[in-house]
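Nothing in this text is a laboratory measurement; each read-out follows from the coordinates by a stated rule. Since we're looking at a predicted model, the values are computed, not measured. Don't worry about glycine lacking a Cβ; one is built from the backbone with ideal geometry, like all the others, and counts go over all protein chains shown.
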Amino acid sequence: MKFISSDKVLKSEEFINWRTGVTVKPQVMEIHPSNVCCNACSYCFYKDRNDAKIMTDEELGQALEYCKDIGVKAVTFSGGGEPFCNTNFLSNLAYATSALDLEVGIITNAVLLNKGMAEMVLSLPKIKWIRISFDAIDSEQYQTIRGTNSFDIVKQNIKDLLEAKKACGSKTTIGLQIVVCNDNYYSISQFIDFCKSEFPEINYIQVRPLEVMINSEPYNESQKDIIKSQLDFIKKANKEFFYNKVIISDKWDLIFGERDFGFTKCHCAPFIGVIDAYSNFYLRCHQVQHKDYLIGNIKEMSPEQFWVNRRKCYEHLGLTQGFNPAVCPVGCRGAGINRTLQGILEKGEHDLFL
């Protein structure tokens with residue numbers, strides 16, 4: 001099963017609207033319940049923007065209701081900080097899935113996701129997936145990368161989560177992620193083997209590179225050789241039991257191949273959005289706190305006004321709809337979707353020959 005794939009956009013209810021020029025409703029929203037985190041990751045994209053802000057129960061409920069009012073179908077709780085640092089998070093998970101009928105995904109470091117929380121989360125309807133950022137094979141590596149001595153806690157919490165899933169018959173997809181950085185690039189294969197040993201019932205493991213700007217180089221040539229060798233081995237072993245659970249991010253093509261966006265406009269902008277811990281609505285997650293991408297604050301902006309403000313934001317950003325190599329990571333979450341949609345728009349000489 002393709003848990004992470006950019007061609008999902010072709011299944012979107014709004015895809016036809018996009019093709020025909022009709023106003024597109026956001027399909028999935030990212031919400032940041034907290035700017036506080038219980039890790040301090042060396043590679044964190046938000047570390048210079050995090051502060052002590054945590055959404056109140058009222059603010060988080062309002063954000064969910066706002067999403068429902070503008071036609072959103074699914075919500076990803078992410079950061080920002082760590083969602084479970086917000087003590088209002090669990091009750092609003094229940095509200096989102098039960099009362100508002102939203103599908104939910106959660107990105108977490110699982111430091112706070114203890115057995116009791118795991119059982120409660122997995123008992124809720126429409127919790128579609130949980131992805132845990134882990135990165136390490138032992139306590140020392142975890143401390144170096146993620147900045148806290150929480151390795152054993154997280155390892156046990158993942159086991160408890162998988163046990164709770166089995167006990168309650170949950171169909172929630174549970175995945176792990178390793179972000180390859182200067183402190184673990186040599187141990188990707190070891191990480192897979194570690195997961196195979198400790199978490200054999202995990203649904204998938206995503207191996208992804210650091211976020212990279214068009215002219216930046218996150219790895220030196222020696223590191224790239226070592227990384228590529230491990231990824232090639234994983235690809236060859238992919239048909240074997242457990243190795244077929246490994247998802248090698250297509251962002252690696254940007255590391256090893258030509259550094260190119262592959263699109264000229266942020267086509268996916270209408271499909272997505274983010275509400276930060278201050279209730280500010282931005283076009284995209286990487287542009288949180290960037291005023292050019294701010295649509296408005298949902299405490300002051302009615303759902304009806306949202307459509308007006310979003311159009312004004314697009315007009316301000318110009319024909320690229322906010323795509324700007326100076327501020328956009330070359331492999332952002334929307335990059336694969338943008339390349340897919342760009343390919344649909346471009347005319348080719350042999351387009352009739354399927």
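Among ILE226, ILE127, sorting on how many other beta-carbon atoms sit within 10 Å of each Cβ, with the fewest leading, yields ILE226, ILE127.
Considering only DSSP states other than H, G, I, E and B, which trypsin sites (Lys or Arg not before Pro) in the stretch 301-351 qualify as loop sites with at most 15 other Cβ atoms within 10 Å?
Details: sites: ARG310, ARG311, LYS312, ARG333, ARG339, LYS347; in loops: ARG333, LYS347.
When the trypsin sites (Lys or Arg not before Pro) of the stretch 301-351 are filtered for loop state and at most 15 Cβ neighbours within 10 Å, LYS347 remain.
Please compute the contact order of the chain in relative form: average sequence separation of alpha-carbon pairs under 8 Å and at least six residues apart, divided by the residue count, as a percent. Relative contact order here is 17 percent. Listing VAL9, VAL327 from fewest to most neighbouring C-beta atoms within 10 Å gives VAL327, VAL9. Charging the Cβ of each Asp and Glu at -1 and of each Lys and Arg at +1, and nothing else, the dipole of the stretch 25-344 about its Cα centre rounds to 780 debye. Highest mean packing first, where packing is the average number of other Cβ atoms within 10 Å per residue, the peptides 176-182, 147-153 line up as 176-182, 147-153. Taking packing as the residue-averaged number of other Cβ atoms within 10 angstrom, the listed peptides 68-80, 206-218 run from highest to lowest as 68-80, 206-218. Pairs LYS47/LYS251; LYS196/LYS245; LYS68/LYS126; LYS159/LYS245: which exceed 19 Å Cα-Cα? The pairs that break the limit, which is 19 Å between Cα atoms, are LYS47/LYS251.
State the extension gain, in nm to one decimal, for the chain segment bounded by LYS291 and LEU354, taking 0.36 nm per residue of separation less the distance between their alpha-carbons.
18.3 nm
Would you calculate, for the chain, the mean residue ellipticity at 222 nm contributed by helices, counting each DSSP H stretch of 4 or more residues as -39,500 (n - 2.57) and dividing by all residues, to the nearest 500? When only DSSP H runs of four or more count, the value is -10000 deg cm²/dmol.
3J(HN,Hα) couplings calculated from phi for the stretch 256-269 with the Karplus curve 6.51 cos²θ - 1.76 cosθ + 1.60 (θ = phi - 60°) are, in sequence order, 9, x, 6, 7, 8, 5, x, 7, 10, 8, 7, 4, 7, 3 Hz; Gly and Pro show x.
Taking the average, over residues, of other Cβ atoms within 10 Å as the packing measure, peptides 52-59, 189-196, 232-239 rank 189-196, 52-59, 232-239 from highest down.
Residues whose amide H lies under 5 Å from that of ILE31, counting only those 5 or more places away or on a different chain, are THR76, PHE77, SER78, ILE275; hydrogens are built 1.01 Å from N in the peptide plane. Only aspartates and glutamates eight or more places from LYS53 in sequence, or on another chain, were considered; those with a Cα closer than 18 Å are GLU30, GLU82, ASP276. Three semi-axes describe the equivalent ellipsoid of the chain; taken as square roots of 5 times the Cα gyration tensor eigenvalues and ordered largest first, they are 30, 27, 20 Å. Fully extending the segment from TYR278 to ASP48 would add 81.2 nm, taking 0.36 nm per residue of separation and subtracting the current Cα-Cα distance. Comparing VAL308, VAL24, VAL330 in a Gaussian network model of the chain where C-alpha atoms under 10 Å apart are linked, the largest mean-square fluctuation is found at VAL308.
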